[in-house]
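Data first, discussion second: the structure below is written as structure tokens.
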Number of protein chains: 2
Amino acid sequence: MGYSSAQAAGAATLLGLLRDGRPRTRAELVAESGMGRSSVTERVDDLLGLGLVTRADNAPSTGGRPASAFAFNPGARVVLAADVGATHAKITVSDLSGAVLVEEDLPLDIASGPEVVLALVCARGEDLLERAGRARDELLGIGLGLPGPVEHASGRPTNPPIMPGWDGFDVPGHVRERLGAPVLVDNDVNIMALGEHRTHWYDWPHMLFVKVATGIGCGLITDGRLYRGSQGVAGDMGHVQLPHVSEVPCRCGNVGCLEAVASGAALAARLTEQDIPARTSGDVVSLARSGSVPTLTLVRQAGRRIGEVLATAVSFLNPSGIVIGGALSQAGEHLIAGVREVVYRRSLPLATQDLRIVQSRAGERAGVYGAALMVVEHALSPERLTASLAARGAA
Amino acid sequence: MGYSSAQAAGAATLLGLLRDGRPRTRAELVAESGMGRSSVTERVDDLLGLGLVTRADNAPSTGGRPASAFAFNPGARVVLAADVGATHAKITVSDLSGAVLVEEDLPLDIASGPEVVLALVCARGEDLLERAGRARDELLGIGLGLPGPVEHASGRPTNPPIMPGWDGFDVPGHVRERLGAPVLVDNDVNIMALGEHRTHWYDWPHMLFVKVATGIGCGLITDGRLYRGSQGVAGDMGHVQLPHVSEVPCRCGNVGCLEAVASGAALAARLTEQDIPARTSGDVVSLARSGSVPTLTLVRQAGRRIGEVLATAVSFLNPSGIVIGGALSQAGEHLIAGVREVVYRRSLPLATQDLRIVQSRAGERAGVYGAALMVVEHALSPERLTASLAARGAA
């Protein structure tokens, strides 16, 4: 028999409730979902059949015969996630809750091109699957983050400035051929925003995540979902021009971009000019932690400039919170203090009265959390569940 | 019997298809909705029962006995819409497609407070209903736009700067008591954005609508829906600060706001300083249309400054298009030319390659279209349809 979109939507609704980890009885599922009792029973059976839900009969009873309870089964399948940067990748195998089972950091050079980089990532992913003791056919899917703009629908990079050879490359097709599971690709800042939101700020409907590292980018969550924009380049704040620094050249070819004055690379260059040798964001963070006053001054000023651009975004988007992440956010409170100083001064009182500006809590794992959960949420969406249920019905 | 959320979602899906005005056979509805044949039949019966769908048996046949076709019935109910500004309101009675049946412009003073203003609007609304030949119980609902921030969930204005006496006033409760139908309230720029989008740019998933009049504000459409932000003040671009005009005082108490240098009021003040008397946006438009060179220069410069702020919004949001509306947008191509000049220079190539920047097409009716369609879309949502179907089932 066929599975209707309404049935799959019901299954997705139940999964959406159970994914918080708390087991529920049928009666609770009926009450919380607003679905009818018979629909709940049928959909729970579907989900038991797919293995996504299990019986949790040790649920606390209120006396008498305990009612059957049902729980999300995060171990039903696994996800391979890779957060690929310019010079290294973090690769994990996660369960369906996003929890990391095994992980590895892998040095690489993004400029060596997609075949070389993806071969490395796939090989290491296969090793990790084996280390996790999971078979290839247990893979629900693969989530990849790349350090440049990606057309999310096709998974192809579009004009990525620091990724020679990747423009238009069919990343999902290539990886799927090797690993045999569905592949979703997005840019690194988007997956970090998703990971940060899902693991720490789930209650915020609207969030901005700012990655301050070699470059500067922003991932937007609106109504709880990643917002990508019409060409998938939403959040590209690194190349917003600051009017009062119009002489500073940017690697993008323009002058006066935020990235040219406030990124880790820009700060390292300024410090080197002052005879304080620094090359990377990490060097800047080390100097800041060692108490270097010129470094702290520069970091705070970078925060103010990021704050200038964010103030406009706050006026337009009225988010619940802003999360500052990326390597440079590890330089202590100075970066975030500069951001707060300007955002709270420049934005409207109504837009800032409940606005929180905080440091990333997911830290280095933000990207892999996001890549894994992007795959899980896609696979458990009504559209994909329709296909899964239909395939099972046909089997 | 009870109506499940899945059934209401099915009904909403079918209505969503039929609202484009094209009649469809059951087979077409099955094909386009992805729903099962029996579900389509049941849901069409529900919608026939509510009067929202009618039989359209003059549908073109491909030979043999013509298949029954079904069409959305925009005349089933009516909506009262009011776009209330500082000094006047436009009030309409519309059908469920948003088409205006009768309309009236009404002078008023927003500062006379909510009781006086709402009494006027309600009285004129009742007159209009009568002129349209429709009874009070045919009212699906009432949509109101107000010239200040509104907490959409409660319909109460929050700290509206030009609306003394309105802060926290229960607008929906007050109007509902008088007219006996559900009331939705939003700020004027949001309803203009919705009206413009729904009548002319429905294919754009992400749109910015900028109202340039006495003040400057922006309404955001993301994923086809109004985006309001966490406190409902998204799009408040009028008080974004421009760094290079920091000496100009704004009515908000700050200095250097966009509104202080690029609004109709600001331009009128600049012209008056040059011994060209002007008081309102309308005066500026008249001068521009008469070819006053100082006016055209100021209007173009205002466009550039609006463009500076929009360039940052374009980098963050990557919209499909920007619509420029409001009284000052009637000053010819000069305003929009200034906007285009800066946005295309300042924003990223990927974000502007398909970006369109256009003049409002809905014009003065944008607000009432939006207010009416806000009510229709809310009433035809799955949640509200569940209630309507349940009420009918219980009757």
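The table below gives the values:
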read-out	value
In degrees, nearest ten, helix B:5-18 long axis to first principal axis of chain B (Cα)	70
Nearest-0.05 FRET efficiency for A:E130 and A:T87, computed from C-beta distance (R0 30 Å)	0.70
Estimated 222 nm signal from helices in the protein assembly as shown, with DSSP H stretches of n ≥ 4 weighted -39500 (n - 2.57), rounded to 500	-13500 deg cm²/dmol
Region A:229-325 - charge dipole about Cα centre, Lys and Arg +1 at Cβ, Asp and Glu -1, debye rounded to 20	180
For region B:174-188, Karplus couplings with θ = phi - 60° (6.51, -1.76, 1.60), whole Hz, Gly/Pro x	5, 6, 5, 4, 6, 10, x, 9, x, 10, 10, 10, 8, 6, 4
Per-copy distances of the A:G16 label point, shortest first, in nm (7 angstrom along Cα→Cβ)	1.2
Global form of region A:147-199, assessed from the alpha-carbon gyration tensor, a/c cut-off 1.5	oblate
About the Cα centre, charge dipole magnitude for the protein assembly as shown (Lys/Arg +1, Asp/Glu -1 at Cβ), debye	460
Only Lys, Arg (+1) and Asp, Glu (-1) charged, at Cβ; chain B dipole about Cα centre in debye	820
Separation in nanometres of the label points that stand 7 Å from Cα toward Cβ, at B:E138 and B:R55	2.3
Shape of the protein assembly as shown, Cα gyration tensor, a/c cut at 1.5	oblate
Efficiency of FRET from Cβ geometry, A:L48 and B:E364, R₀ 60 Å, rounded to 0.05	0.55
Under 25 Å from A:K211, Cα to Cα: lysines that are on another chain or at least 8 residues apart	A:K90
Sorted by Cβ density within 10 Å, fewest first, the residues A:Y227, B:Y344, B:Y202	B:Y202, B:Y344, A:Y227
Inter-copy label distances at B:A99 (7 Å, Cα→Cβ; nm, one decimal)	5.9
Two-site label geometry, B:E32 and A:T297: point separation in nm, points 7 Å out along Cα→Cβ	6.7
Nearest-first distances (nm) between copies at A:P294, label 7 Å from Cα via Cβ	5.2
Distance from region B:318-365 to region A:181-206 (C-alpha centre basis), Å	31
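Bear in mind these aren't lab numbers, they're just calculated from the coordinates by the rules spelled out. Not measured: the values here are computed from a predicted model. Cβ: placed from backbone, ideal geometry, glycine included. Neighbour counts: every protein chain shown.
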